[in-house]
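Colleague: Once you've had a glance at the structure underneath, I'll fire off some questions.
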Amino acid sequence: MNRFLIISNRLPLNINIKDDEIEFTPSVGGLATGMMSVSQSFDSLWIGWSGIDQNQLTAKERKKINLELKNEACADVNLTPEEVELYYEGFSNKTIWPLFHYFSQYVEFKEEQWEAYKRVNQKFADVIAENMEGVDKIWIHDYHLLLLPQLIKERFPKVTIGFFLHIPFPSYELFRTLPWRKEIINGMLGADLLGFHTFDYERHFMSSVRRLLGYDINMNEINLPNRIVRVDNFPMGIDYEKFQNAALEAQKRSVRDKSEVRKELERYYLLYPDTKFIISIDRLDYTKGLINRLEAFEYFMEKYPEYRDKVVLVLLAVPSRIGVEQYQQMKSEVDEIVGRINGEFSSINRTPIWYFYRSMPFENLVDLYNYCDIALVTPVRDGMNLVAKEYIASKTDGRGVLILSEMAGASKEMSEALIINPNDIAQIAESIKTALEMPLDEQIERNTFLQKRLKRYNINKWALEFLNGMEKVKQSEQKFMGKKLTTAIQNKIIKELRNADSAVFFLDYDGTLTGFEDNPKHARPDDELYELLDGLADNPKNRIVLISGRDKDTFEEWFGKKPYTLIVEHGVWYREKGEPWEMIEQLDASWKDSIRSALEFYVDRTPGSFIEEKNYSLVWHYRKSDPELGPNRAIELKDELTSLVSNLNLEILEGNKVIEIKNRGINKGRAAQKLLNSAPADKIIAVGDDWTDEFLFAALPETAYTIKVGMSKTMATYKVENFWQVREMLKRIVTE
Ligand code: GDG
């Protein structure tokens, strides 16, 4: 049976060694909590760092730990203290984490940390390689392992790789500041499926891919030279039932069995029944907006003195990344503000902030969620934020108000919450007041919607959708593999050609026989190509037809003296070897003036773009313009031209970074057909790369060998990855 691997920086459990006793506890954090339920439902192995350095253990301890890890379906990637410092605390948490959360003032660019990051990603790849037996899918998580997809793809090209980023992907303007931006993007593109929490993160990623690497993007697919990467958003859910049931259980417990936290909350309620509780739970992290939250609470207390003795903020800050300086600084800052507020607003019996700097067991967490009247979730940036979702899931009677930052991914799906801008202290304070005064009916109404959604799109659904996504990618890859022009098929073609009396080769030029240049004039044929085509033409049985969208003057210059048939401007002109050019059909070009002025307007507004003038068509090229502006202007231009072209009996052809306007009904297919009618051939081979070649593929008889260069959808029977492979094939035909 097929197994699948889950890979993340940390394993979902913590190991503590105290007085010779080894203790295993579940990890805290969104990823661990979420993926735990998933790993238990599949035959999987979880690979990650256990949190301790195995080199410091005795042989006995090592054995015990690894056995326990094995029982839990986990395998350890051992990290040395130096690696923890440079890769984990360093590059992961001092470069990627602040950069991706828009805290550019905290970002460090240190070569030493980057080197360690590369080394540790490689280390993960090595442990994965040891555990590949029976594995067909690998799901990699998060920002610590951005290089890993590529490392695995290179070693195991057949395995399907999914990658999910749990934090935001920043806008290109920020991402571009990273000295190793290309390496990071290429690392991620090793995956077959890339997942983000929201569409915005996906959009930012696509923009970086386009700008840094110039790959073509089709909706949510990136066309790499040899494969397609799918990108999608999968907003992560929670184990809804787990929270809901735990909350129901907690309410049913007898006084003796209740948690200390709950007892304390209830005791307080008996003493002061008019008290309202606000809950705040996060890892102590500068992205979570704790300072803003406290300042807003202080502002609220100042502005609304009538609430002073009636509200308690339960602040649970879970220690996190204590080795990183900013986290230590922030701890002191939080301590100070809490002290200030409590100092100012406490009375003899009442303290407005109950502050806990520690983690709590799950049951206590649920008690807090369930009991508190308001949840205050105000991150300044947050990939998703599961606390907001867990709070709503722990409500058993529909009471409770969620105040949620618009900067958290969760806000995209939780519009019934009170949505705030975390930098607007006054707005947060007003929301606290609104929440305190919100009628019960309204609370229930809002929470019913929220709960319904959370229940439906829960953690299992999230994981299944991602896994299905991986399965789909795999199927489409197999489809491609089915069409791949294998050596066996090439052998068959060569054999058939040998036995045939005549053969015709329809060969497109740009992208098929040669690569693209910013300026099309620079894409001249090289000596190797001439040699190859001459070699083909030397065989008297072969007829070489170069069939292109190029203008006739350029082809005349490049191939005028060659023994090939030339068809240019997508089938307007035709030239038999040694003969003058002829028009395949009589056409009119008087429309060009009116279209040219429309195109000139676009050239003015799109730096780097230009017009190419052919005899019977006009082409707007935007390969050299800004990679995002160009395609957007192309959409605008097509839109603008639509009504104009139908009146003039023209059509718009969209090629590779070009928009071409020409007379309707003229295409490569029609030209090829005419040629075949007057001179049929035993064997037909047609090769092309863009959709203008699809007319050619469609027009040829079924017995023809039609070959598409590239990965996108096609009518052709076979596919090759790039023009180098076309040349390889032609070389074999010539020599064999
Ligand atoms: C990252 C992204 C994204 C917290 N304190 C305790 C405790 N927790 C649990 C919560 C929750 C999890 O930790 C925190 O998850 P978040 O999503 O809020 O935040 P991050 O840890 O920053 O997670 C985030 C997430 O990944 C998932 O993709 O949502 O945006 O930053 O599950 O319940 N659990 C226990 N005791 C605690 O004291 N037991």
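Readers should treat all values here as calculations from the given coordinates under stated rules, not as data from a laboratory. A quick note: this is a predicted structure, and the numbers were derived from the prediction, not measured. Virtual Cβ from ideal backbone geometry, glycine too; neighbours counted across all protein chains shown.
Colleague: Show the residues, 5+ positions off or on another chain, whose built amide H is closer than 5 Å to the amide H of ALA375.
Modeller: Under 5 Å from the amide H of ALA375 lie the amide H atoms of ILE279, VAL401, LEU402, ILE403, each far enough along the sequence or on another chain.
Colleague: Also, I was wondering about something else. When DSSP beta bridges are limited to those with both residues in the chain, what percentage is antiparallel, rounded to the nearest 5? Please report the intermediate quantities before stating the final value.
Modeller: Numbers: 32 of 102 bridges.
Of the beta bridges lying entirely in the chain, close to 30 percent run antiparallel.
Colleague: Among MET360, MET301, SER254, which residue has its Cα positioned farthest towards the positive end of the charge dipole of the range 240-456, with +1 placed on the Cβ of Lys and Arg, -1 on the Cβ of Asp and Glu, and the dipole taken about the Cα centre?
Modeller: Comparing the listed Cα positions along the dipole, SER254 ranks first.
Colleague: Just how large is the dipole of the range 279-421 about the Cα centre, in debye to the nearest 20, putting +1 at every Lys and Arg Cβ and -1 at every Asp and Glu Cβ?
Modeller: Working: 16 positive and 21 negative charges, 25 e Å.
Roughly 120 debye, rounded to the nearest 20.
Colleague: Here's another thing I want to ask about it. Could you give the size of the charge dipole of the chain about its Cα centre, using +1 on the Cβ of each K and R and -1 on the Cβ of each D and E, expressed in debye and rounded to the nearest 20? Could the numbers behind the result be given before it?
Modeller: Numbers: 96 positive and 114 negative charges, 312 e Å.
Using Cβ point charges on Lys, Arg, Asp and Glu, the chain gives about 1500 debye.
Colleague: Hey, if you put +1 on the Cβ of every Lys and Arg and -1 on every Asp and Glu Cβ in the chain, which of THR735, ASN663, PRO701 ends up farthest toward the positive end of that dipole?
Modeller: Positive-end residue among those listed: PRO701.
Colleague: Let me ask something additional. I need the phi-derived Karplus couplings for the range 272-287: 6.51 cos²θ - 1.76 cosθ + 1.60, θ = phi - 60°, integer Hz, Gly and Pro marked x.
Modeller: My calculation for the range 272-287 gives 10, x, 8, 6, 10, 10, 10, 9, 9, 10, 7, 5, 6, 9, 5, 6 Hz in order.
Colleague: Taking the highest mean first, how do the peptides 651-664, 599-612 order by number of other beta carbon atoms within 10 angstrom per residue? Before the final figure, lay out the partial values.
Modeller: Numbers: 651-664: 19.0, 599-612: 16.4.
Order by mean packing, descending: 651-664, 599-612.
Colleague: Separate question: According to a simple spin-label model (label point 7 Å from Cα along Cα-to-Cβ), what is the distance in nm between SER597 and LYS182?
Modeller: The modelled label-to-label distance comes out at 4.4 nm.
Colleague: Give the relative contact order (percent, whole number) for the chain; include only Cα pairs under 8 Å separated by 6+ residues.
Modeller: Values: 1285 pairs, mean separation 69.1, N = 736.
Answer for the chain is 9 percent.
Colleague: Packing-wise, with mean Cβ within 10 Å as the measure, how do 340-351, 669-680, 113-124 rank, highest first? Walk me through the numbers before you get to the answer.
Modeller: Values: 340-351: 13.0, 669-680: 16.5, 113-124: 19.5.
Highest-to-lowest ranking by the protection proxy: 113-124, 669-680, 340-351.
Colleague: For ILE167, what charge total do you get from the other residues with a beta carbon under 10 Å from its beta carbon, if Lys and Arg give +1 and Asp and Glu give -1?
Modeller: Working: positive: ARG381; negative: ASP142, ASP382.
So the environment of ILE167 carries a net charge of -1.
Colleague: GLU21 to ALA73: extension gain in nm, 0.36 nm per residue of separation minus the Cα-Cα distance? Present the calculation step by step, with values, prior to reporting the outcome.
Modeller: Details: separation 52, 0.36 × 52 = 18.72 nm, distance 2.13 nm.
Full extension from GLU21 to ALA73 adds 16.6 nm.
Colleague: In whole angstrom, how far apart do the alpha carbon centroids of the range 606-627 and the range 337-399 sit?
Modeller: 59 Å
Colleague: How would you rank CYS372, CYS74, going from fewest to most other Cβ atoms within 10 Å of each one's own Cβ?
Modeller: Working: CYS372 25, CYS74 21.
Ordered from fewest to most neighbouring Cβ atoms within 10 Å, CYS372, CYS74 come out as CYS74, CYS372.
Colleague: Over the range 471-618, what is the percentage of antiparallel beta bridges among all DSSP beta bridges, to the nearest 5? If you can, show how the numbers build up before the last one.
Modeller: Values: 6 of 15 bridges.
Counting DSSP beta bridges with both partners in the range 471-618, the antiparallel share is about 40 percent.
Colleague: To continue, here is another question. How high is the FRET efficiency from ALA500 to ASP126, r the C-beta distance, R0 41 Å, rounded to 0.05?
Modeller: Numbers: r = 52 Å, r/R0 = 1.26.
It comes to 0.20.
Colleague: To continue, here is another question. Over the range 148-305, what is the percentage of antiparallel beta bridges among all DSSP beta bridges, to the nearest 5?
Modeller: Details: 6 of 13 bridges.
The answer is about 45 percent antiparallel.
Colleague: Give me the distance in nm between label points sitting 7 Å out from Cα along the Cα-to-Cβ direction at THR396 and ARG211, one decimal.
Modeller: Going by the 7 Å Cα→Cβ label model, 5.1 nm.
Colleague: Further question on the same structure: Just the C-alpha atoms of the chain: what Rg/Rh do they give, with Rh taken as the Kirkwood radius?
Modeller: Details: Rg = 32.3 Å, Rh = 29.9 Å.
A ratio of 1.08.
Colleague: Also, I was wondering about something else. For TRP46, enumerate residues with amide H under 5 Å from its amide H, sequence gap 5+ or separate chain, H modeled in the peptide plane.
Modeller: Sorted by chain and number, the residues that satisfy this are ILE6, CYS74, ALA75.
Colleague: State the Cα centre-to-centre distance between the range 217-255 and the range 703-736 in whole Å.
Modeller: 41 Å
Colleague: Can you find, among PRO149, LEU79, TRP97, the residue sitting farthest towards the positive end of the charge dipole of the range 66-179, where Lys and Arg contribute +1 and Asp and Glu -1 at Cβ?
Modeller: Looking along the dipole axis, the top candidate is PRO149.
Colleague: Right, another one. Could you work out how far the C-alpha centroid of the range 264-326 sits from that of the range 629-700, in angstrom?
Modeller: Between the Cα centres of the range 264-326 and the range 629-700 lies a distance of 65 Å.
Colleague: Sticking with this structure for a sec: What are the residues whose amide H is under 5 Å from the amide H of VAL709, where those residues sit 5 or more places off or on another chain and H is modelled from the backbone?
Modeller: Amide H neighbours of VAL709, under 5 Å, 5+ apart: GLY688, ASP689, VAL720.
Colleague: Same structure, new question: If I take R0 = 60 Å and measure r between the Cβ atoms of GLU333 and SER476 in this structure, what FRET efficiency does the formula 1/(1 + (r/R0)^6) give, to the nearest 0.05? Don't jump to the answer; show the numbers that get you there.
Modeller: Details: r = 51 Å, r/R0 = 0.84.
Computed FRET efficiency for GLU333 and SER476 comes out at 0.75.
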